[in-house]
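Peer 1: Sharing a structure here in structure tokens format.
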Amino acid sequence: MTTIEVKTRSREELVDITEEVQKVVAQSGVKEGICYLFVPHTTAGITINETWDPSVRKDITEVLRKVAPPGANYHHTEGNADAHIKTSVVGSNAFVFVSDGRLVLGTWQGIYLAEFDGPRSRRVIIHVEPF
Amino acid sequence: MTTIEVKTRSREELVDITEEVQKVVAQSGVKEGICYLFVPHTTAGITINETWDPSVRKDITEVLRKVAPPGANYHHTEGNADAHIKTSVVGSNAFVFVSDGRLVLGTWQGIYLAEFDGPRSRRVIIHVEPF
Amino acid sequence: MTTIEVKTRSREELVDITEEVQKVVAQSGVKEGICYLFVPHTTAGITINETWDPSVRKDITEVLRKVAPPGANYHHTEGNADAHIKTSVVGSNAFVFVSDGRLVLGTWQGIYLAEFDGPRSRRVIIHVEPF
């Protein structure tokens, strides 16, 4: 297992970590297998989505703000209840196949840390397992 | 890894791919293991849900339309921002256990490609790994 | 594969199953690997979220009630269409890394069965695979 650190800059944003994950895959030496990703936080998750147009990421966080508005009337009183909810919506884990030493992603796909209560320093735990 | 092709017929629909996935499991020869599924698109995802009553699938896409209405005011101007958002909600990957050469699904469960920007030809990448 | 049973007490609630999952990990004897979790139901899912403050779980189910209100006008007429939708939002499967025989969870993370149509007896299928 390898842990990478991701610095986020806003309260809510999707940070592209595809390159860092690809580096971990390369260092693992695995040619054919699966890359597992796990975010050990409860107010940030992980998602795979469009890498080409950054406005897509903005749309995702904005729609999630409508679903769970920050500052609404929540039971959890630490001011980040919305961030917990969004984390359960996008999820805390993902996997991507590895072939020929590369992440098998679609043309437009990138891997994103989904920050919902930043800015912070976040961790993503990665393991690459050969078939 | 095996890639199956899925033709979708509407802009938004859940297409039952359980049979096709089961065929890939059978061809793999794996008796006990895990079947991994990955959708290499950013406007279609994968989900596991009720197979018996097709109206459930309609309810899922209709509620997601309310969460992210097509044609609302988005930053992404290609007309499918809602489809990207929905993809991050349902997710791009899933796994199902395999036992005795069969997918281990609950009585009512089926595997669905979740199309949010069809009709199109979509791909699902599948790998069956023995324990 | 091991199946654990989870009794739920309300129509909608997040039940902490972290301890039970940790027991399955211990019994497996696996020191380094991955713990896979799968919920074979279509009106209950699985999610990883805050374990410290139980009010977070209440916020999650309440916001999901707003997304898919019980008793709204659905095509599926069994009275639990909302539960199916919520299951696709949180998902039916998850994995957690295992190191030194323990689940690798963040300080605040716990594993939850997400009940959306209880109270019922639910099952979670678990497999721990060594690296």
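Peer 1: Hey, in the GNM for chain B with a 10 angstrom Cα cutoff, which one of B:112, B:74, B:36 fluctuates hardest?
Peer 2: For chain B, modelled as a Gaussian network with Cα springs under 10 Å, the answer is B:74.
Peer 1: List, shortest first and in nm to one decimal, how far the label point of residue B:108 (7 Å from Cα along Cα→Cβ) is from its counterparts in the other copies.
Peer 2: With the label placed 7 Å along Cα→Cβ, residue B:108 yields 3.3, 3.3 nm.
Peer 1: If you take the charge dipole of the protein assembly as shown about its Cα centre, with +1 on Lys and Arg Cβ and -1 on Asp and Glu Cβ, which of A:28, B:8, C:75 is farthest toward its positive end?
Peer 2: C:75
Peer 1: When the label point is put 7 Å from the Cα of residue A:121 along its Cα-to-beta-carbon vector, which residues of region A:1-30 have a backbone N closer than 15 Å?
Peer 2: The answer is A:3-9, whose backbone nitrogens lie closer than 15 Å to the label point.
Peer 1: In square angstrom, rounded to the nearest 10, how much accessible surface does residue C:107 have for a 1.4 Å probe?
Peer 2: 110 Å²
Peer 1: Taking beta carbons within 10 Å but only from partner chains, what does the mean come to for residues B:121-130?
Peer 2: What the average comes to for B:121-130 is 2.
Peer 1: Let me ask you something else. State to the nearest 20 debye the size of the charge dipole of region B:1-115 about its Cα centre, where the only charges are +1 on K and R beta carbons and -1 on D and E beta carbons.
Peer 2: The dipole magnitude comes to about 100 debye.
Peer 1: A further question follows. Under the definition of partner shielding as Cβ atoms of other protein chains within 10 Å of a residue Cβ, what is the mean value for peptide C:68-81?
Peer 2: Mean inter-chain Cβ contacts per residue within 10 Å come to 4.
Peer 1: So if I take the centroid of the Cα atoms in region B:26-103 and the same for region C:48-75, what is the distance between those two points in Å?
Peer 2: Distance between centres, Cα-based: 20 Å.
Peer 1: Would you work out which of C:128, C:116, C:17 lies farthest towards the positive end of the dipole of region C:2-130? Charges go on Cβ: Lys and Arg +1, Asp and Glu -1.
Peer 2: Farthest towards the positive end: C:116.
Peer 1: While we're here: Treating the point 7 Å from Cα along Cα-beta-carbon as the label, what are the nm separations from residue A:3 to the other copies, to one decimal?
Peer 2: In ascending order, 3.7, 3.7 nm.
Peer 1: Using only Cα atoms, find the angle between the long axis of helix A:55-67 and the longest principal axis of chain A, and express it within 0 to 90 degrees, rounded to the nearest 10.
Peer 2: Relative to chain A, helix A:55-67 is tipped by roughly 40 degrees.
Peer 1: Quick one: with label points 7 Å out along Cα→Cβ, list the inter-copy distances for residue B:78 in nm, shortest first?
Peer 2: Spacings between copies for this position, smallest first, are 3.7, 3.7 nm.
Peer 1: Could you work out how far helix C:81-90 tilts from the main Cα principal axis of chain C, as a 0 to 90 degree angle to the nearest 10?
Peer 2: Result, in degrees: 30.
Peer 1: Could you pull out every one of the lysines with an alpha carbon less than 21 Å from that of residue B:31, ignoring same-chain neighbours closer than 8 positions?
Peer 2: Qualifying lysines at Cα under 21 Å: B:23.
Peer 1: Nothing charged except the Cβ atoms of Lys and Arg (+1) and of Asp and Glu (-1): what's the magnitude of the dipole of the protein assembly as shown about its Cα centre? Round to the nearest 20 debye.
Peer 2: Using Cβ point charges on Lys, Arg, Asp and Glu, the protein assembly as shown gives about 140 debye.
Peer 1: Straight-line reach from residue C:66: which lysines have a Cα under 20 Å away, not including same-chain ones fewer than 8 places off?
Peer 2: Leaving aside lysines fewer than 8 places away in the same chain, those within reach of residue C:66 are A:66, A:86, B:58, B:66, B:86, C:58, C:86.
Peer 1: If you average the sequence gap of Cα pairs under 8 Å that are 6 or more apart and divide by the length of chain C, what percent do you get for the contact order?
Peer 2: 54 percent
Peer 1: Residue C:131: net charge of surrounding residues, Cβ under 15 Å, Lys/Arg +1, Asp/Glu -1, itself excluded?
Peer 2: -3
The values are calculated or read from the model by the stated rules, or taken from the named source; none is laboratory data. Keep in mind that this is a model prediction, so the values were computed, not measured. Glycine also receives a Cβ, built like all others from the backbone with ideal geometry; neighbour counts cover every protein chain displayed. Heavy atoms of the whole protein, side chains included, go into the accessibility calculation; ligands, DNA and RNA do not. Shrake-Rupley method; radii C 1.70, N 1.55, O 1.52, S 1.80 Å.
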